[in-house]
Amino acid sequence: MKGQEWYQADDIAEEYDDKRFSRGGQLIDRREKTAVLDALGPLEGRDVLEIACGTGRFTVMLAEQGANVVGLDISAAMLQQGRKKAHASGVDDSLEFLRGDAGRLPFPDDHFDTVVAMRFFHLADDPAAFLSEMKRVAREQIVFDTFNRFSSRSVYNWALPMGSRLYSTKEVSVLLAKNGLELVDAEHDFLVPYGLYRAIPNVLASPIRALDSAVGRLPLTDHLMSVSYWNVRV
């Protein structure tokens, strides 16, 4: 099953977190959440929209940090998983989950302090248009990630259920310039492909991650990393 049909299936939503963020995938989950929190800074009282919020991994975390959060996703099944997480964490009153299309956001201009889009841009058919729509509803900041063209992901990208659009640093820079967005910071990480981490227990993944991080600090490795985290100012 491919594309949106695959993503919106009930069984995929139920198994999504376990398949991606258990075992060594816990390291991926932790790194992604750290990247988002570092980019956003203090969240108390801030209005945040998360696009393609999926099962609410980030949505619930942001609410726990004191933000007023809206999570938007096209999959009703994913949103249901997010609502369960929010209830279990006791943050039901601080967030709202909505089903909707990222290409036509149902909000007025300048409605949120920050817009977050993690695990989304690799699926965007028209990334410039999506980024423009995010800019429209954001007052201050947009935080998103991309998968990189020159990374190991390019080897197996064709086999993924939803595929991926891969980006070079230059392509992202062009996207930002077209939308009049200012780059505040970018981080590049994970020389070792995600699939390896997910396939092995955390006890084995941790030393590999330590080596991965050490090599990643060497000069000229940024363009080989699997993922980039972008923090931009509106």
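So the values come out like this:
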{"item": "Single unsatisfied condition, residue 86 versus (1) at pLDDT below 95; (2) open to solvent by less than 60 Å² (accessible area, probe 1.4 Å)", "result": "(1)"}
{"item": "Conditions (1) open to solvent by 60 Å² or more (accessible area, probe 1.4 Å); (2) part of a strand (DSSP E or B); (3) under 18 Å from residue 149 (Cα atoms); number of the one not met by residue 174", "result": "(2)"}
{"item": "Meets criteria (open to solvent by less than 30 Å² (accessible area, probe 1.4 Å) and on the phi > 0 side of the Ramachandran plot) for residue 56", "result": "yes"}
{"item": "First in region 56-67 and over 14 Å from residue 120 (Cβ atoms) and of a type in the set (D, E, K, R), second anywhere and in a loop (DSSP other than H, G, I, E, B) and open to solvent by 10 Å² or more (accessible area, probe 1.4 Å), Cβ under 8 Å, 6 or more apart", "result": "64/91"}
{"item": "Extreme residue, modelled with the lowest pLDDT, among residues of region 141-163 that are out of contact with any Ser or Thr (no Cβ under 6 Å at 6 or more places or on another chain) and open to solvent by 70 Å² or more (accessible area, probe 1.4 Å)", "result": "158"}
{"item": "Hey, residue 166 under 28 Å from residue 134 (Cβ atoms), over 16 Å from the mean Cα position of the chain (by Cα), open to solvent by less than 70 Å² (accessible area, probe 1.4 Å) and among the hydrophobic types (A, V, I, L, M, F, W, C) or not", "result": "no"}
{"item": "Residue 9 under 15 Å from residue 119 (Cα atoms), at pLDDT below 95 and of a type in the set (A, V, I, L, M)", "result": "no"}
{"item": "In region 184-234, residue most open to solvent (accessible area, probe 1.4 Å) [restricted to those that are of a type in the set (Lys, Arg) and more than 22 Å from residue 20 (Cβ to Cβ)]", "result": "217"}
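The values are calculated or read from the model by the stated rules, or taken from the named source; none is laboratory data. Everything quoted here is computed from the prediction, not taken from an experiment. Counting neighbours? That spans all protein chains shown, and the Cβs are built from the backbone with ideal geometry, glycine included. Each accessible area value is taken on the protein alone, full model and side chains, heavy atoms only, with ligands, DNA and RNA left out. Shrake-Rupley method; radii C 1.70, N 1.55, O 1.52, S 1.80 Å.
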